[in-house]
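K.L.:
There's a structure below that I have some questions on.
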Amino acid sequence: MSFKDKIAIVTGGAQGIGRCIAEEFRKAGATVCVIDKQHGDHFVGDLADKQVLERFAKHVIEKHGHVDYLINNALPLMKGINDCSYEDFQYALSVGVTAPFYLAKLFAPYFAAGAAIGNISSSRDRMSQPQTESYTAAKGGIAALTHALAVSFAGAVRVNSISPGWIDTNYTVYEGPDAVQHPAGRVGNPLDIANMVLFLCSEKAGFITGENICIDGGMTHQMIYHADEGWRLERE
């Protein structure tokens, strides 16, 4: 897949999955515009700030004139019902749902022919651990936003989302239960997500829009019952 002369935007692209996505786009020939709170050689700003989003969009358009791919990857805050304040919850939704919506709106007049939006959701959009409400709500929101945008942008921009499962951003190789609980036999790494992002942005995925693709090594499909298949639940 070649992305020569294409302009790709990656939010939260300074580290982790976002950094891997940005690197893979660059390897494939694209020019990548990153926005992240972390300081570095990219546009620095908080995605929860409306004015930051507007300045970033203006910066991209003034420099490049159009956008081919918008990848909404930035990580929302994760706090639970016990410790998450009203402000915390609003902040998580601002980063995880409002920013992707507003960036899509700001860039709407500038998407090139064949453009695509990729939203990074999470397998937590369908399953949860305790005390994760702000993150889970944001990831569920961006998954739903995906099919809404796909319909609104019909014929102009394809919009899909990816729901990663356990992705180790340090590329740690796990053995034992951590690996075995995944039907694929291993924990994921950022390339598992980046490869799908680039595929969904390519012409090879030209008939795919409005979809949410879960990449979790099959973990969410494995039914687990206490004392079945050797699994046991033991609370400390």
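Taken together, the values in this text are just the output of simple stated rules run on the coordinates, not laboratory data. Given the structure is predicted, the values throughout are model-derived calculations rather than measurements. For neighbour counting, all protein chains shown are included, and Cβ atoms are generated from backbone atoms with ideal geometry for every residue, glycine included.
K.L.:
Name, by its number, the condition in (1) closer than 23 Å to T172 by Cβ; (2) surrounded by fewer than 17 Cβ atoms within 10 Å (Cβ to Cβ) that does not hold for F207.
P.N.:
Answer for F207: the failing condition is (1).
K.L.:
Hey, another quick one. When you scan the range 102-130, how many residues do you find that are assigned to a helix (DSSP H, G or I) and in contact with an Asp or Glu (Cβ under 9 Å, 6 or more places away or on another chain)?
P.N.:
Here is the first cut: in the range 102-130, the residues assigned to a helix (DSSP H, G or I) are 102-110, 123-125.
Okay, now just the ones that are also in contact with an Asp or Glu (Cβ under 9 Å, 6 or more places away or on another chain), so 102, 106, 123.
Of the residues in that region, 3 qualify.
K.L.:
Counting just the residues of the range 1-58 that are of a type in the set (S, T, N, Q) and under 23 Å from Q90 (Cα atoms), which one comes out surrounded by the most Cβ atoms within 10 Å (Cβ to Cβ)? Step through it out loud before you land on a result.
P.N.:
So in the range 1-58, the residues of a type in the set (S, T, N, Q) come out as 2, 11, 15, 31, 38, 51.
Next cut, under 23 Å from Q90 (Cα atoms) only: 11, 38, 51.
Working: T11: 27, Q38: 12, Q51: 9.
The qualifying residue surrounded by the most Cβ atoms within 10 Å (Cβ to Cβ) is T11.
K.L.:
Something else about it: Taking interchain pairs and intrachain pairs at least six residues apart, which have beta carbon atoms under 7 angstrom, with the first residue in the range 158-187 and touching a residue at least 60 places away in the same chain (Cβ under 8 Å) and the second assigned to a loop (DSSP other than H, G, I, E, B) and hydroxyl-bearing (S, T, Y)?
P.N.:
Matching pairs, first to second residue: P164/S122.
K.L.:
State yes or no: is I71 under 19 Å from the mean Cα position of the chain (by Cα), within 13 Å of I35 (Cβ to Cβ) and part of a strand (DSSP E or B)?
P.N.:
Details: under 19 Å from the mean Cα position of the chain (by Cα): yes; within 13 Å of I35 (Cβ to Cβ): yes; part of a strand (DSSP E or B): yes.
Judged against the criteria, I71 is a match.
K.L.:
Now, a different point. Conditions first: (1) part of a helix (DSSP H, G or I); (2) without any contact (Cβ under 8 Å) to a residue 60 or more places away in the chain. A99 passes all but one, so which condition is the exception?
P.N.:
A99 satisfies every listed condition except (2).
K.L.:
Tell me which residues, restricted to the range 12-59, are outside any loop (DSSP other than H, G, I, E, B), in contact with a Phe, Trp or Tyr (Cβ under 8 Å, 6 or more places away or on another chain) and under 20 Å from A115 (Cα atoms).
P.N.:
Scanning the range 12-59 gives F25, V32, C33, V34, I35, L53, F56, A57, H59.
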